[in-house]
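Report on the following structure.
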Amino acid sequence: MSRKTRNGDEIIKNKSIRAASKRRTFTSALVIFLIAALFLTGTVWGTISFIDANSLRIYINRRNIGIISLSETEDFYSPTSVIRMKGPEQMTNTTYDWIEQTDSILGREGNHHEENVIAYSFYLRNMGDTDIYYTSSIVLNQLSRDVENALRIIVVEEAEPGEDVEATPEEGGAAEGDIPEEAAYKATCYAMPDFEGNAEYISYDTDQKETQLPLPLRAGRQLDELLDTNETTPFAGFVNEDDEDECVVFKHTDLPLASGEVKKFTVLVWVEGSDSDCVDSIQSAYVNFEFMFEVTDEDADIA
């Protein structure tokens with residue numbers, strides 16, 4: 001074989017080696033990139049999952065953005081369609097009487113959670129030039145370890161015109177009959193009914209089902225007066241009875257909201273330690289909360 005041919009073969013061989021080397025380098029880099037991407041994606045997913053645990057998401061149905069709006073301050077300085085509130089990372093069981101906000105619930109705005117209590121106050125406003133009707137609902141999802149059976153969820157909101165209420169913050173005491181022109185508030189405590197289908201009470205004197213008695217509300221405490229009863233309103237129930245991963249707390253329809261009107265809401269969530277369903281097996285449980293608003297009539301006659 002001629003020298004020229006051998007040199008040519010060597011050139012071809014060297015080019016092949018270089019090409020193979022480049023391919024190996026590229027492949028190695030690609031593998032490293034994919035591993036890093038997978039690790040990063042897993043980390044982000046894990047972080048999101050961690051952040052979402054015990055969180056509260058308040059939002060407006062996408063179709064209604066621009067018609068109604070949310071804000072954590074009454075002046076609507078930063079209106080939004082979605083509010084994401086991170087609750088306590090660990091929610092050890094507590095009891096109703098230990099909640100500090102019971103004496104100042106109406107004076108709070110934004111996130112004011114305690115060590116074991118999710119607590120958030122926000123505002124809803126009709127941004128349009130016409131009156132509307134809307135629907136509000138709370139849904140629990142990603143439930144685990146039957147934690148819903150020991151939950152208590154209080155919603156404080158302004159009463160509707162003509163609604164019978166027991167107390168107004170302006171008067172500071174009981175006031176039966178139609179609400180006055182100034183804002184009046186009501187509170188409702190929701191809970192899963194017991195296994196016999198009976199409504200639970202907000203809290204008890206013991207966690208022993210056989211002997212427990214409901215603790216009465218106390219006069220002079222703002223939230224107690226707004227609640228008016230220590231009996232809870234049962235959750236509406238699971239979306240799918242065969243899948244206990246999503247539960248509807250309530251769904252209220254045909255709620256009026258006049259043009260430019262602003263309504264305030266406060267949500268309190270905790271695991272009630274005196275509930276007989278608050279057992280060791282629900283440790284490390286988690287749940288997500290979604291509070292949704294949806295316009296059902298964009299040109300309502302609510303006069």
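Among Glu158, Glu176, Glu181, which is the only one that is surrounded by 15 or more Cβ atoms within 10 Å (Cβ to Cβ) and modelled with pLDDT under 90?
After ruling out the rest, the residue left standing is Glu158.
Quick one: in the stretch 81-98, of everything that is of a type in the set (D, E, K, R) and at pLDDT below 85, which residue is nearest to Gly110 (Cα to Cα)?
The qualifying residue nearest to Gly110 (Cα to Cα) is Lys86.
With respect to Arg152, determine if the residue is within 20 Å of Cys247 (Cα to Cα), at pLDDT 70 or above and basic (Lys, Arg).
Working: within 20 Å of Cys247 (Cα to Cα): yes; at pLDDT 70 or above: yes; basic (Lys, Arg): yes.
So Arg152 passes the test.
Looking at the stretch 37-44, can you tell me whether even one residue there is modelled with pLDDT of 90 or more and farther than 19 Å from Gly260 by Cβ?
no
Report whether or not Val248 is at pLDDT 90 or above, within 17 Å of Leu56 (Cβ to Cβ), assigned by TED's automatic domain parsing to the domain that holds Leu143 and surrounded by fewer than 17 Cβ atoms within 10 Å (Cβ to Cβ).
It is true that Val248 is at pLDDT 90 or above, within 17 Å of Leu56 (Cβ to Cβ), assigned by TED's automatic domain parsing to the domain that holds Leu143 and surrounded by fewer than 17 Cβ atoms within 10 Å (Cβ to Cβ).
Across the stretch 209-243, what is the number of residues that are within 17 Å of Leu151 (Cα to Cα) and assigned to a loop (DSSP other than H, G, I, E, B)?
Selection size over the stretch 209-243: 6.
Are there any pairs with C-beta distances below 7 angstrom linking a residue in the stretch 206-228 that is modelled with pLDDT under 95 and surrounded by 16 or more Cβ atoms within 10 Å (Cβ to Cβ) to a residue that is outside any loop (DSSP other than H, G, I, E, B) and β-branched (Val, Ile, Thr), with the two at least 6 apart or on different chains, and if so which?
Partner pairs satisfying both residue conditions: Gln222/Thr102; Gln222/Ile105; Leu223/Thr102; Leu223/Ile105; Asp224/Thr102; Leu226/Val156.
Could you list, in sequence order, all residues of the stretch 229-245 that are polar (S, T, N, Q) and surrounded by 12 or more Cβ atoms within 10 Å (Cβ to Cβ)?
Answer for the stretch 229-245, where residues must be polar (S, T, N, Q) and surrounded by 12 or more Cβ atoms within 10 Å (Cβ to Cβ): Thr229, Asn230, Thr232, Thr233.
Filter the stretch 125-158 for residues that are basic (Lys, Arg) and touching a helix residue (DSSP H, G or I) at 6+ places or on another chain (Cβ under 9 Å) and give the result. Lay out the reasoning, then the answer.
If we filter the stretch 125-158 for residues that are basic (Lys, Arg), which is where we start, we get 125, 145, 152.
Scanning the stretch 125-158 gives Arg145, Arg152.
The values are calculated or read from the model by the stated rules, or taken from the named source; none is laboratory data. Please read these numbers as outputs of a predicted model, since none were measured by experiment. Virtual Cβ from ideal backbone geometry, glycine too; neighbours counted across all protein chains shown.
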